[in-house]
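FYI, it's all coordinate maths here, none of it is from the lab. Please read these numbers as outputs of a predicted model, since none were measured by experiment.
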Amino acid sequence: MRNSRALAVSAAVAAVVGVAAPAAVAGNTPSNIVALPSVIARGGQMTVTVDGCPRGGRMTSDAFPPAGLSPINGAHGTSRGQATIDSNAGPGTYDILIHCSGRQLIRPNAFTVIGGVRGGLGGSISTGATPADMAIGGGLVATALIGGGVFWMRRRSEKRL
């Protein structure tokens, strides 16, 4: 009976230590990287939040220049920073690398950069009219002139009778 009590107490102590140890270590280890918005256009501004980074740090990515992380007051070990996406960043998904408290953490596929939208002409990618556009436009103008001339000539002949 004494062995079972000792075993039960040992198991309880081991469980408490086992649960408390990761929580104590997690306080100084960067974790839970959140990038908002997760889909962003070139030139847009993104906010990155990192847990387990009580003194701030730096963040880097291929889509934006290195930026700082500052501790958030009252948010026990959480830091936040803002980054502006490069105007020449290609469309696709990007990772974020966090440097904090002498440790590094990478979040793969943290956010997605979408290509810019070309305004005017329905978002076409060509500059100016193509030869096909010119031929179609010329044909439409010629058809309108011929049709208008025929209509005018018919109206004019009806008045003479």
- Message: Show me, for the range 141-154, the HN-Hα J-couplings you get by feeding each phi into the Karplus relation (A = 6.51, B = -1.76, C = 1.60, θ = phi - 60°), rounded to Hz, glycine and proline as x.
- Response: 5, 4, 4, 5, 5, 5, x, x, x, 5, 4, 5, 5, 5
- Note on the structure: The long-range amide H neighbours of Cys53, using H built 1.01 Å from N in the peptide plane and a cut-off of under 5 Å, are Thr78, Ser79
